[in-house]
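See below for the structure under consideration.
The values are calculated or read from the model by the stated rules, or taken from the named source; none is laboratory data. None of these values were measured; they are calculated from a predicted model. So basically every Cβ, Gly included, is an ideal-geometry build from the backbone, and we count neighbours across all protein chains shown.
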Amino acid sequence: MDNGIYNKEVVCREFGYGWNDLYEKLCGELEPYNAKIMQAKEKYGNLTVYLDEYDKKAYEIVQKYYVLSQYICEQCGNKGIARQDLYYIRTLCDDCYNLEKKKYDI
Ligand SMILES: [Zn+2]
């Protein structure tokens with residue numbers, strides 16, 4: 001596979017395309033540290049990343065992106081907010097939110 005920022009092989013990656021940029025920046029910032037990403041997923045509307053070992057600096061970076069993801073639509077990357085009234089909490093922009101509501105007839 002690719003080297004560069006993609007050499008932090010992710011065992012499990014479960015989140016929408018809207019967070020791709022965010023995730024790539026996170027990988028870039030983690031580059032100088034030893035901690036490897038074991039899992040990256042959407043959880044309660046946040047980009048949640050698990051590292052293979054505890055490194056204070058790396059952990060702070062992960063936390064920073066966890067917070068940033070609360071304002072970015074997971075589906076499309078536009079500005080989003082946490083939607084509490086879907087089948088589970090998701091961070092979405094107005095358009096994606098309305099689409100989801102239609103899809104699930106909420
Ligand atoms: Zn969206």
Only one of ILE81, ILE61, ILE72 that is within 16 Å of the ligand (Cβ to nearest atom) and either on the phi > 0 side of the Ramachandran plot or over 11 Å from the mean Cα position of the chain (by Cα) (or both): ILE81
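Checking the structure you have, find out if any residue of segment 12-34 is among the basic types (Lys, Arg) and over 30 Å from ASP95 (Cα atoms). Write out each step before concluding.
We begin by selecting, within segment 12-34, every residue among the basic types (Lys, Arg); these are 13, 25.
Among the residues that remain, those that are also over 30 Å from ASP95 (Cα atoms) are: none.
No, the conditions are met nowhere in segment 12-34.
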In segment 84-106, residue nearest to the ligand (Cβ to nearest atom) [restricted to those that are β-branched (Val, Ile, Thr) and in contact (Cβ under 8 Å) with a residue 40 or more places away in the chain]: THR91
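For segment 76-98, indicate whether the set of residues that are in a helix (DSSP H, G or I), of a type outside the set (Phe, Trp, Tyr), modelled with pLDDT under 95 and surrounded by fewer than 14 Cβ atoms within 10 Å (Cβ to Cβ) is non-empty.
Residues of segment 76-98 in a helix (DSSP H, G or I): 94-98.
From the residues that got through so far, the ones that are of a type outside the set (Phe, Trp, Tyr) too are 94-96, 98.
Of the ones still in play, those that are also modelled with pLDDT under 95 are none.
No, every residue in segment 76-98 fails to be in a helix (DSSP H, G or I), of a type outside the set (Phe, Trp, Tyr), modelled with pLDDT under 95 and surrounded by fewer than 14 Cβ atoms within 10 Å (Cβ to Cβ).
Is it true that TYR23 is in a strand (DSSP E or B) and among the aromatic types (Phe, Trp, Tyr)? Don't jump to the end; show me each part of the working.
Working: in a strand (DSSP E or B): no; among the aromatic types (Phe, Trp, Tyr): yes.
The answer is no for TYR23.
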Single condition LEU68 does not satisfy, out of (1) touching a Phe, Trp or Tyr at 6+ places or on another chain (Cβ under 6 Å); (2) assigned to a helix (DSSP H, G or I): (1)
When residues of segment 31-58 are limited to those that are outside any loop (DSSP other than H, G, I, E, B) and farther than 15 Å from GLU14 by Cβ, the one nearest to the chain's Cα centre (by Cα): LEU51
